[in-house]
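Encoded as structure tokens, the structure appears first; notes follow it.
The values are calculated or read from the model by the stated rules, or taken from the named source; none is laboratory data. Since the model is a prediction, treat every value here as computed from it, not as a measurement. Cβ placement follows ideal geometry from the backbone for every residue including glycine, while neighbour counts extend to all protein chains displayed. What goes into the accessible areas is simple: the full protein's heavy atoms, side chains included, and nothing from ligands, DNA or RNA. Shrake-Rupley method; radii C 1.70, N 1.55, O 1.52, S 1.80 Å.
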Amino acid sequence: MNPTSRLPTGSHPTGPPDLRPHDGSLRPHDGSLRPPGGSLRPPGGSLRPPGGSLRPPGGSLRPPGGSLRPPGGSLRPLDGSRRPGPPALVLVAHGSRDPRALDTVRAIMERVRRLRPAVPVRLGHVELNEPLLPDTLAALGTAPAVLVPLLLTRGHHVKHDLPEAIAATAAHARVAAPLGPHPLLVQTLYDRLMEAGWPAGATEATRRTDAVVLAAAGSRDADSAVDTRRTARLLADRLGVPVVPAYASAARPTVPTALRALAARGRDRIAVASCFTAPGRFATQCAQAAPWLASAPLGDHPALARLVLLRYDQALADPATAAALVAPSATEPAPASA
């Protein structure tokens, strides 16, 4: 007998029989693969294990020992290179024979450190006090740094002395702008006047009788006088009375001359605003000339510390500064620990 004669009608002799339903689908008659009830969740509706927690026994996701650091405890790259930190902030003070000046500058430095703990803060003086700026720069080696002058205008020190000090060392450093003119400097001047007894609210009467002499160190540099005049205008806007810039040396008018000129204009109450960072000979002489009240030097004031950090940040944001601060030592291997 022919073997194919036993096959059911419609089957193919070369393959297995087709067991699909007549419509060709393996889905149930209602078209759904979900179990009765329509839900794939287990009884109770929760996918969490018994107890409700996905944490391992003990409740901690940390590895044994509790530390996420790699073996050895270091997060440095495998090649031993250091991750560069922020450039140092070098406060540059002028220096003074008055011992109060150094104490004041150190207090400013400590306030800046508290405001920005991650930034290394150093101190250097142009003259008269230690550490002198060249010694501070030499100690930094090739580490990047930003010099922030505790000086209130552009002048010879900012334009010449500080850049020359950098050029004479291996330091990768740039000079930030001086502290003035700026509203934060004016805020400090205003607060010192208030502390000295300046009336809080200006009236029509006081606007006619009161005035201020802004006493500054003075410089032969024309830009320095421009900056001092700008600070005087800002302070006048804040006080609502005339503010005349005057100088302790190297520029005109002197403080006594400015006082006499204001008195001749009918100003009966004239204060001297001390535009000096710290106590010293010039600040003392100017205060002694005041016919009414004189404010203390700027000193350790919160606004002044914020201004120091602002000048630091502005210098770092300058592309030219960023390029100049690239120090080769930042990528050298770290020295072996003892």
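Please specify each residue of the stretch 178-214 satisfying the condition of being surrounded by fewer than 19 Cβ atoms within 10 Å (Cβ to Cβ) and in a loop (DSSP other than H, G, I, E, B).
Once the filter is applied, which keeps residues that are surrounded by fewer than 19 Cβ atoms within 10 Å (Cβ to Cβ) and in a loop (DSSP other than H, G, I, E, B), the stretch 178-214 yields Gly197, Pro199, Ala200, Gly201, Ala202, Thr203.
Among the residues in the stretch 262-273, are any within 29 Å of Lys159 (Cα to Cα), in contact with a Phe, Trp or Tyr (Cβ under 9 Å, 6 or more places away or on another chain), outside any strand (DSSP E or B) and open to solvent by less than 20 Å² (accessible area, probe 1.4 Å)? Spell out the reasoning first.
As a first pass, look at the stretch 262-273 and keep what is within 29 Å of Lys159 (Cα to Cα): 272-273.
Restricting the remaining residues to those that are in contact with a Phe, Trp or Tyr (Cβ under 9 Å, 6 or more places away or on another chain) gives 272-273.
Cutting the leftovers down to outside any strand (DSSP E or B) gives us none.
Within the stretch 262-273 (the criterion being within 29 Å of Lys159 (Cα to Cα), in contact with a Phe, Trp or Tyr (Cβ under 9 Å, 6 or more places away or on another chain), outside any strand (DSSP E or B) and open to solvent by less than 20 Å² (accessible area, probe 1.4 Å)), the answer is no, since none of the residues qualifies.
When you look at Arg106, is it open to solvent by 50 Å² or more (accessible area, probe 1.4 Å), in contact (Cβ under 8 Å) with a residue 24 or more places away in the chain and not aromatic (Phe, Trp, Tyr), yes or no?
Details: open to solvent by 50 Å² or more (accessible area, probe 1.4 Å): yes; in contact (Cβ under 8 Å) with a residue 24 or more places away in the chain: no; not aromatic (Phe, Trp, Tyr): yes.
Criteria not met by Arg106.
What's the total number of residues in the stretch 288-327 that are crowded, with 21+ Cβ neighbours inside 10 Å, within 30 Å of Arg207 (Cβ to Cβ) and hydrophobic (A, V, I, L, M, F, W, C)?
4
Table: residues versus (1) touching a Lys or Arg at 6+ places or on another chain (Cβ under 7 Å); (2) without any contact (Cβ under 8 Å) to a residue 60 or more places away in the chain; (3) under 25 Å from His157 (Cα atoms).
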site	(1), (2), (3)
Asp191	no, no, no
Glu195	no, no, no
Ser224	yes, no, yes
Leu234	no, yes, yes
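Step by step: first the residues of the stretch 238-261, then only those that are under 33 Å from the mean Cα position of the chain (by Cα) and not in a loop (DSSP other than H, G, I, E, B), then the one that is nearest to His156 (Cα to Cα). Which residue is that?
Tyr247
If you take the residues in the stretch 220-237 that are open to solvent by 40 Å² or more (accessible area, probe 1.4 Å) and not aliphatic (A, V, I, L, M), which one is farthest from the chain's Cα centre (by Cα)?
Arg220
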